[in-house]
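Asks: Here's a structure for you.
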Amino acid sequence: MYNETIMKKTDELKQLLDTISPKDKICILTHNNPDPDALGAAFGLQKLFSHHSGINGDIVFNGIIGRMNNKQMVKLLEIPLRHLSAVNLDDYRHLCLVDSQPGMQNNSFPAGRPALIVVDHHPAGGKEFQCKFLDHRMNTGSTSTIIASYLRNFDIPVSQKLATALFYGIKTDTDGLARDSSNLDRELFFNLYPQIHPELLNQIETPDLPRKYYHDVGDAVLSGQVYEHILIADTDETFNPDMPAEMADFFLRMEGIEIVLVYGRYKNTLHFSLRTSMNGIRLGGLAILMVEGIGTAGGHTRAAGGQIPFSAANVRMMLERFYHFFAVEPGQFHPIYS
Ligand SMILES: [Mn+2]
């Protein structure tokens, strides 16, 4: 069933690419603060353009490359990136967006401008947009999977570095096929594996960490408060805005903990991350609720996050909404060490 869809989509994409002039400037935009899946997908789509149409598209992102793993990925796999602040989107004839959709809060796609190609696996953002080619597959575990299947169907040779990027994108978004994965994810995961660079993948997955990292870990652990299966921690001032996300994953592994909120300040913004191992809670919706009127948020059912301008009042409001959602009170929480 899914193979039929892919073949149909492949034909549709081929027809579209054949209408593009090699002189056209193309921008491949990721969502803000791109994760490995967005980076892998963008890198793969760039290859599709260069191989099929002879166009060297620019990969453009907004925000930051946060996690140490993601920084290593970009560096070691030599993913050519441009920051949105260094380009003018009006200079591009065509805009593409991967791992997000125009109109969603988590990307910088210019409002009202039509897209050439949009490939995503997140729930629709509810806003209408114009697009020549849309591949939106919510039952697929990663956008890298979809892009990798195009490269395979187009018979485009994939370098070791690109294979590693796509593989790492699939691996991180599906937790190594342990969650949210489809047959297509499995297929491409195993198809790419013999082509990856194992040493580089290892250096991406376990990068050297600066001492500041351990300082943030200390803050998070010492501030951690637990009530029943809920844990809340404050990483305070962080060296990297992705620390709350990293610490949220870390705390979710604690025995008995099923819901985690970690927040921390980076410059003048408070970043927070939500994680759960439970079914039936829609964390993306909760994150949006927590920032209503004060910030931006988004995410999946089991992982979500957001940002608000840092102020005591904003932090209080965000926390109050979290407590209210789970019908708990701050006084019920106790330090991890107690
Ligand atoms: Mn993704």
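Asks: In the range 30-64, what residues are closer than 13 Å to Val158 by Cβ and either at pLDDT below 95 or touching a Leu at 6+ places or on another chain (Cβ under 7 Å) (or both)?
Replies: Once the filter is applied, which keeps residues that are closer than 13 Å to Val158 by Cβ and either at pLDDT below 95 or touching a Leu at 6+ places or on another chain (Cβ under 7 Å) (or both), the range 30-64 yields Gly40, Phe43, Gly44, Lys47, Leu48.
Asks: Give the residue that is nearest to the ligand (Cβ to nearest atom), with candidates limited to residues of the range 122-135 that are at pLDDT below 95 and not charged (D, E, K, R). Before you say what the answer is, go through the steps one by one.
Replies: Kept after step one, since they are at pLDDT below 95, are these residues of the range 122-135: 122-128.
Those still in the list that are not charged (D, E, K, R) too: 122-126.
On the way: His122: 7, Pro123: 12, Ala124: 14, Gly125: 14, Gly126: 18 Å.
Selected residue: His122.
Asks: Within 15 Å of the ligand (Cβ to nearest atom) and surrounded by fewer than 23 Cβ atoms within 10 Å (Cβ to Cβ), is that true of Asn32?
Replies: Here the answer is yes, as Asn32 does meet what is asked.
Asks: In this structure, is Ile146 of a type in the set (A, V, I, L, M, F, W, C) and either under 24 Å from Phe250 (Cβ atoms) or crowded, with 18+ Cβ neighbours inside 10 Å (or both)?
Replies: Details: of a type in the set (A, V, I, L, M, F, W, C): yes; either under 24 Å from Phe250 (Cβ atoms) or crowded, with 18+ Cβ neighbours inside 10 Å (or both): yes.
Here the answer is yes, as Ile146 does meet what is asked.
Asks: Among (1) surrounded by 16 or more Cβ atoms within 10 Å (Cβ to Cβ); (2) over 26 Å from Gly264 (Cβ atoms), there is one condition Gly169 misses while meeting the rest; what is its number?
Replies: (2)
Asks: Determine which member of the set Gly57, Gly40, Gly44 is more than 27 Å from Gln307 (Cα to Cα) and within 16 Å of the ligand (Cβ to nearest atom). Before you say what the answer is, go through the steps one by one.
Replies: Numbers: Gly57 fails: within 16 Å of the ligand (Cβ to nearest atom); Gly40 fails: more than 27 Å from Gln307 (Cα to Cα).
After ruling out the rest, the residue left standing is Gly44.
Asks: Out of (1) within 16 Å of the ligand (Cβ to nearest atom); (2) of a type in the set (S, T, N, Q); (3) over 16 Å from the mean Cα position of the chain (by Cα); (4) closer than 30 Å to Phe239 by Cβ, what's the single condition that is false for Ser85?
Replies: Among (1) within 16 Å of the ligand (Cβ to nearest atom); (2) of a type in the set (S, T, N, Q); (3) over 16 Å from the mean Cα position of the chain (by Cα); (4) closer than 30 Å to Phe239 by Cβ, Ser85 violates only (1).
Asks: So for the range 180-195 (the condition being within 12 Å of the ligand (Cβ to nearest atom), at pLDDT below 95 and among the charged types (D, E, K, R)), does at least one residue qualify?
Replies: Within the range 180-195, one or more residues are within 12 Å of the ligand (Cβ to nearest atom), at pLDDT below 95 and among the charged types (D, E, K, R).
Asks: For Glu246, state whether it is in the same structural domain as Ile147 (by TED's automatic domain parsing) and either under 22 Å from the mean Cα position of the chain (by Cα) or closer than 30 Å to Ser159 by Cα (or both). Step through it out loud before you land on a result.
Replies: Details: in the same structural domain as Ile147 (by TED's automatic domain parsing): no; either under 22 Å from the mean Cα position of the chain (by Cα) or closer than 30 Å to Ser159 by Cα (or both): yes.
No, not satisfied.
Asks: Let me ask something else. Taking the range 44-72 only, how many residues are out of contact with any Cys (no Cβ under 7 Å at 6 or more places or on another chain) and in a helix (DSSP H, G or I)?
Replies: Result for the range 44-72: 14.
The values are calculated or read from the model by the stated rules, or taken from the named source; none is laboratory data. None of the values given here were measured: they were computed from a predicted structure. As a convention, Cβ positions derive from the backbone with ideal geometry for all residues, glycine included, and neighbour counts pool all protein chains shown.
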